[in-house]
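The values are calculated or read from the model by the stated rules, or taken from the named source; none is laboratory data. None of these values were measured; they are calculated from a predicted model. Heads up, the Cβs are rebuilt from the backbone with ideal geometry, glycines too, and the neighbour counts pull from every protein chain shown. Each accessible area value is taken on the protein alone, full model and side chains, heavy atoms only, with ligands, DNA and RNA left out. Shrake-Rupley method; radii C 1.70, N 1.55, O 1.52, S 1.80 Å.
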Amino acid sequence: MNRLSRLTVLTGVCTWHVVTAFAQPVALTVDVNHIKGEVNPGIWGLFFEDINMGADGGIYAELIKNRSFEFFRPMMGWQTLGKAPEGGLLVLNRQEQKEANPRFLRVNTEGTGEEGLGLSNEGFRGMGIKAGLRYDFSVMYRQRRPGISLRLELVDSAGRVIGKGKLEPATDAEGWQKQSAGFRATATHPKARLNIWFEGEGEIDLDMISLFPEDTWKGRPGGLRRDMVQLLADMQPGFLRFPGGCIVEGYDLSQRFQWKKTVGPIEERQQVINRWNFEFRHRPTPDYFQTFGLGFFEYFQLAEDIGADPMPILNCGMACQFNTAELVPMDQLDEYVHDALDLIEFANGDVTTRWGKLRADMGHPAPFNLKVLGVGNENWGPQYVERLAVFKKALNEIHPEIAIIASSGTDPNGERFDYLDSELRKMQVDIIDEHYYRHPDWFFENASRYDEYDRHGPKIFAGEYAAQSVRIASPDNKNNWLTALSEAAFLTGVERNADVVTLASYAPLFGHVDGWQWTPDLIWVESEARNWVSRIRFRAGLPAITASGAALRNAYRNERRIELAYEEHRFHDARRWMIAAETLGRKVGIVRIFGRLKPGSSVSVYRYDPESYDHTYTVGTIDPGIENRQWLDKMYFIAIHRDEMNRNNKLVQNPGY
């Protein structure tokens with residue numbers, strides 16, 4: 001049994017010491033031979049959605065924004081350098097010839113003034129550039145009148161050149177060609193730009209203008225940001241859910257996520273507007289599109305790289321019911337069902353099949369070992385049940401080995417939830433996906449939610465959970481102590497009922513500090529290669545805050561441990577703290593002493609070692625120092641080594657976004 005299983009399946013031979021104003025310490029002994037259920041070793045996973053610039057501008061390492069001029073405003077992200085003569089820069093559309101990528105830019109330098117002619121790209125809220133690193137520029141071009149070369153410059157926010165290169169298009173090439181040039185940066189800058197100067201006289205067509213750092217994950221050209229993927233790998237997730245989330249549904253069906261348009265050659269993938277481009281008036285992001293450089297092949301590959309099971313979610317023939325609520329007619333649902341069947345072939349099929357061959361052609365002849373498939377995201381009502389039944393019938397008949405994940409709607413309770421929960425159980429679906437975006441009080445109060453669930457019915461996927469410090473989708477939500485502790489309390493119920501709840505993931509995963517739409521988020525990132533981990537769960541613990549308690553501080557400084565800290569909140573009963581304390585103590589090897597404290601009382605604190613189950617070593621006492629006021633529920637804790645909490649050896653909370 002691995003360490004995680006041992007800590008969660010066995011309640012442990014341990015004693016919890018509780019000190020109150022009315023009693024001596026009480027020892028609780030738990031029978032470790034009584035095993036309630038096996039914990040799925042892959043229970044804790046990751047939910048990925050291209051929200052908050054999580055993909056384009058985030059984990060997908062492309063630095064050029066609007067590289068193929070396909071945004072609604074074709075030159076968004078680009079700025080003209082010098083004065084372009086009339087007709088010097090033209091956006092052309094070859095819609096009938098190349099539907100997936102119709103636009104390209106025609107550059108004519110005849111008549112250009114002394115200042116020259118060029119373009120500057122701003123990147124995704126700037127380009128994070130690192131000194132000494134090579135940057136690989138590439139472009140697809142077609143020579144109409146040879147004579148133009150491309151001079152490349154990385155410039156900082158003050159206009160200083162911090163990297164330069166040159167690309168000389170082949171003069172004898174016909175038709176569309178792809179060519180690359182590499183150069184190194186001479187300085188580090190978080191918000192650089194790329195300038196492209198067109199030198200010489202001639203006319204050239206340009207498309208797919210691209211810039212990637214050399215240090216992508218596993219060194220793959222055109223790949224993912226290494227630092228962000230490494231964070232995911234370090235979490236050792238059991239699964240990776242992709243691509244969402246609400247972008248699966250789309251504002252309308254024309255904007256839904258269609259996996260077949262995200263595989264194959266990069267220049268043939270048809271981009272769409274991102275649903276989060278215009279969803280919130282308080283956070284409009286008009287430059288947010290999906291280029292699908294991170295497509296379904298890359299998602300499967302990413303899951304494999306980090307040791308996670310792939311968990312794709314597909315549209316069920318319904319657009320977002322908070323937007324247009326469009327439905328595909330039942331007699332036209334076959335296309336959607338075939339997309340699901342073809343995806344299984346793409347993931348697992350033999351290389352002699354159509355979609356298995358495409359997977360092999362993309363560099364992965366071995367199957368991706370797909371086991372589960374989600375049908376719909378946060379859909380509800382009889383219209384969902386009706387469409388799900390069609391998917392279920394086809395999938396069960398052709399691929400009985402694939403487990404189906406079905407949506408229970410947007411909320412964890414209420415009329416919609418009750419209807420779906422009943423119908424999905426009647427249908428005997430494999431897994432029900434429940435979502436919880438609620439106030440911390442809800443999480444505390446629902447730690448026992450699954451204690452009475454049917455042990456013989458569908459399994460539960462806690463697919464999206466996140467405590468909202470203010471309200472759902474509020475821009476004022478924060479990653480804070482109360483939200484983290486309430487989630488920890490709730491997750492004790494998840495593990496305690498692991499025979500019912502087999503999968504769980506926090507959402508959203510990433511938030512770009514300059515390009516977010518939704519908060520709170522698990523990991524905050526910048527354009528440059530650094531990040532803030534707002535919460536690291538399951539293997540690390542929570543960010544620490546300082547407080548009084550010199551005896552414990554001194555004791556643990558000697559062991560390279562950080563300061564004692566505490567948080568106080570007004571709650572109705574101390575049992576909530578007990579639940580959170582139990583989970584956090586088990587996970588990070590520290591003890592939480594809790595109780596309803598009377599002013600002037602003191603608490604003994606014990607060290608708890610999860611490897612040896614040592615629970616008797618006293619490290620000190622602390623006076624809560626409560627003045628004459630209403631009693632408060634309090635929890636005290638000691639956090640583990642800094643380097644176990646954050647690879648950068650520093651503790652960082654949500655940076656205010």
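Could you sort 235-242, 190-197 so that the peptide with the highest average Cβ count within 10 Å comes first and the rest follow in order? Walk me through the numbers before you get to the answer.
Working: 235-242: 23.2, 190-197: 20.4.
Highest-to-lowest ranking by the protection proxy: 235-242, 190-197.
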Net charge near PHE280: determine it from the other residues with C-beta under 14 Å of the C-beta of PHE280, scoring Lys and Arg +1 and Asp and Glu -1. +2
Less than 11 Å Cβ to Cβ from PHE322, Lys/Arg counted +1 and Asp/Glu -1: what total charge do the surrounding residues give? -2
Specify whether the C-alpha gyration tensor of the stretch 288-362 places it in the rounded, prolate or oblate class, a ≥ b ≥ c being the square roots of the eigenvalues: rounded for a/c under 1.5, otherwise prolate if a/b is larger than b/c and oblate if not. oblate
Starting from the Cα-Cα distance between PHE280 and LYS371, subtract it from 0.36 nm times their residue separation and give me the gain in nm to one decimal. 29.3 nm
Over the stretch 127-199, what percent of the accessible surface lies on carbon and sulfur atoms, probe 1.4 Å? 47 percent
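In the stretch 328-375, what percent of the accessible surface is made up of carbon and sulfur (1.4 Å probe, ligands and nucleic acids excluded)?
52 percent
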For the stretch 93-134, the Kirkwood Rh over every pair of distinct alpha carbons, in Å, works out to 14.4 Å
What does the accessible area per residue of the stretch 254-363 come to in Å², with a 1.4 Å probe and no ligands, DNA or RNA counted? 39 Å²
Is the C-alpha gyration tensor of the stretch 234-381 telling us rounded, prolate or oblate? Criteria: a/c under 1.5 is rounded; beyond that, a/b larger than b/c is prolate, otherwise oblate. prolate
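Under 11 Å from the Cβ of GLU249, count the other residues' Cβ atoms, weight Lys and Arg +1, Asp and Glu -1, and hand me the total.
Here the count lands on -1.
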Between ALA131 and HIS338, the two model label points (7 Å from Cα along the beta-carbon direction) sit apart by a distance in nm of 5.8 nm
In this structure, the FRET efficiency calculated for GLU168 and ASP361 from their beta-carbon separation, with R0 = 41 Å, to the nearest 0.05, is 0.85
Under the rule of at least 5 residues apart or a separate chain, name every residue whose amide H is placed under 5 Å from the amide H of LEU314. GLY374, VAL375, GLY376
Per residue, how much accessible surface does the stretch 174-233 expose to a 1.4 Å probe? Answer in Å², no decimals. 42 Å²
Could you work out how far the C-alpha centroid of the stretch 428-472 sits from that of the stretch 251-305, in angstrom? 28 Å
Roughly speaking, to the nearest percent, how much of the stretch 481-529's 1.4 Å accessible area is carbon and sulfur? 57 percent
Karplus-derived HN-Hα couplings along the stretch 350-364 (A = 6.51, B = -1.76, C = 1.60, θ = phi - 60°), whole Hz, x at Gly and Pro: 5, 5, 7, 7, 4, 7, x, 5, 4, 4, 5, 4, 7, x, 9
What are the aspartates and glutamates whose alpha-carbon lies under 16 Å from the alpha-carbon of LYS98, with same-chain residues fewer than 8 places away excluded? GLU70, ASP205, ASP207, GLU267, GLU268
